[in-house]
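To start, the structure itself, in structure tokens.
Every number in this text was worked out from the coordinates using simple rules, so none of it is lab data. This structure is a prediction, so every number in the text was calculated from the model and none was measured. Here the Cβ is made from the backbone with ideal geometry for all residues, glycine too, and neighbour counts use every protein chain on show.
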Amino acid sequence: MKKGSIALLIVLTMIFSMITVSAQEASGFKDVEEDHWAKDAIDLMTDKGIINGYDGYFRPDETVSRAEFAKMLVKTLDLEETTPSTPYFSDVAISDWEYTYVESARNYLTGFTSGTGYRFKPDEASVREDMAVAVIKGLYDKGEVDDPNETDISVLNGFSDEEDISSNLRKYVAAAINEGLMVGSNNS
């Protein structure tokens with residue numbers, strides 16, 4: 001499975017269920033079979049308007065972009081949507097579809113410093129450690145999880161790829177694991 005793929009939906013569904021629980025309806029996506037392992041999560045997220053697919057298709061094996069993740073985060077955490085007159089990120093223009101979502105979630109999202117300012121890289125794949133940062137920061141602000149600065153990072157010791165986690169993001173990844181929002185597979 002690609003980084004930032006359908007596993008993200010499971011994480012967002014778990015987050016959403018921490019905040020509120022409600023009935024769900026069938027998604028009706030042509031490419032999501034009744035026995036698909038993530039169908040319940042897809043249905044819930046569709047019902048809540050967090051995802052909407054592509055012309056009747058969900059594309060369950062596609063990578064989720066950083067811009068798409070920003071929209072899902074705003075919708076899942078019910079963040080106030082803001083549209084400032086000046087962009088914070090140099091590579092997300094006011095005319096871009098994702099502008100409002102990126103700006104609304106910018107305090108939770110990771111960015112990149114370059115010679116031309118702060119960049120978001122909206123079209124790149126959303127990766128698990130960046131999702132962990134955003135989700136834990138957002139849930140912490142809502143009072144749903146403990147302070148990530150106080151989390152036990154030793155949980156990362158059991159993963160074969162723990163050295164690949166950015167040192168400044170380790171506490172967020174550990175917090176996401178400790179909260180049951182992320183799990184590894186095959187010991188990674």
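A compact table of results
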{"quantity": "Förster radius 25 Å - calculated FRET efficiency between VAL183 and TYR54 (Cβ-Cβ, nearest 0.05)", "calculated": "0.35"}
{"quantity": "Length released on extending from ASP61 to SER95, taking residue separation times 0.36 nm less the Cα-Cα span", "calculated": "9.4 nm"}
{"quantity": "Nearby aspartates and glutamates by direct alpha-carbon distance to LYS30 (threshold 20 angstrom, same-chain neighbours under 8 apart not counted)", "calculated": "ASP40, ASP43, ASP47, ASP55, ASP61, GLU62"}
{"quantity": "Cα convex hull of the range 60-156, projected area averaged across orientations, nm²", "calculated": "7.7"}
{"quantity": "Surface/4 estimate of mean projected area, convex hull on alpha-carbon atoms of the range 38-115, nm²", "calculated": "6.3"}
{"quantity": "Full-stretch length increase - GLU124, GLU80 - with 0.36 nm per residue and alpha-carbon distance subtracted", "calculated": "13.4 nm"}
{"quantity": "Sorted peptide list for 173-180, 153-160, criterion being average Cβ within 10 angstrom, highest first", "calculated": "173-180, 153-160"}
